[in-house]
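These notes are about the structure you will find just below.
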Amino acid sequence: MNWLTIGMTFIAVNLDFFCILIILLQKYSLRSVITGYLAGILILVTASFAAGKFLAAFLPAWLLGILGILPIWMALHDDDDVDNDKQARQHSWSAVLLTYLSVCAGCNLSLFLPVLTSVSLLQFGEVLLLLSGLTILLVCLLKVVGDLPAVNHLMKKDGDLLTKIIYVGVGIYVFFDSGLISHLVALI
């Protein structure tokens, strides 16, 4: 398991949600945003892990490397996420949770599933701890820097490109980490 890949996947998956988080931090308390955001991340990462383990029970590890195409497809597929403001008007942490699930479910599942396929149950617990810490740190950091005009400008200008580059990198990592590339080379 590569901790850098887990961290980069977390950032890539959530990069487009940072602006929404800044808005949610203006509407709700810090505690509500952390609780709802963390619950959403834990739900989606656990679903990705469970789906990966299910697939791994029936398919060889190198074949699961084909799942690396999912993050690359997400990078190349231009699908602008829209802030679903109806859900953001609901009450407190549940509004944050529902907003996160509606905006980020597809990205989370398609990116974390291939990354977590080869992770043991113990390592998955460590991943959850890492992602929980990153979530809390990220929300607190966004609370502090959310009012800076330069941050908003950068996210609007380069956020999409940076997200796409990281998605492609995660996909390529999955190809190599799963053994898919070495298996295909051995066939040649």
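May I ask you to compute the full-extension gain from Lys157 to Leu59, defined as 0.36 nm times their residue separation minus their alpha-carbon distance, rounded to one decimal in nm? Before the final figure, lay out the partial values.
Details: separation 98, 0.36 × 98 = 35.28 nm, distance 4.11 nm.
Extending this stretch completely gives an extra 31.2 nm.
Which value in nm describes the separation of the simple spin-label points at His77 and Ile43, placed 7 Å from the Cα toward the beta carbon?
The two pseudo-label positions are separated by 2.0 nm.
May I ask you to compute the full-extension gain from Ile136 to Leu148, defined as 0.36 nm times their residue separation minus their alpha-carbon distance, rounded to one decimal in nm? Kindly include the intermediate steps, with their values, before the conclusion.
On the way: separation 12, 0.36 × 12 = 4.32 nm, distance 1.96 nm.
Extending this stretch completely gives an extra 2.4 nm.
Expressed as a whole percentage, what fraction of the accessible surface of the range 1-70 belongs to carbon and sulfur atoms when a 1.4 Å probe is rolled over the protein heavy atoms?
Values: 2350 of 3070 Å².
Whole-percent figure for carbon plus sulfur exposure: 77.
Taking 0.36 nm per residue of separation and subtracting the Cα-Cα distance, what length does fully extending Ala51 through Leu128 add?
Values: separation 77, 0.36 × 77 = 27.72 nm, distance 1.59 nm.
Answer, rounded to one decimal: 26.1 nm.
Quick check: pseudo-label points 7 Å beyond the Cα along Cα→Cβ at Leu187 and Gln26, how many nm apart are they?
Rounded to a tenth, the inter-label distance reads 5.2 nm.
The values are calculated or read from the model by the stated rules, or taken from the named source; none is laboratory data. Given the structure is predicted, the values throughout are model-derived calculations rather than measurements. Every residue, glycine among them, receives a Cβ derived from its backbone with ideal geometry; neighbour counts consider all protein chains shown. The protein model used for the area step is the full one, side chains on, heavy atoms only, and it has no ligands, DNA or RNA in it. Shrake-Rupley method; radii C 1.70, N 1.55, O 1.52, S 1.80 Å.
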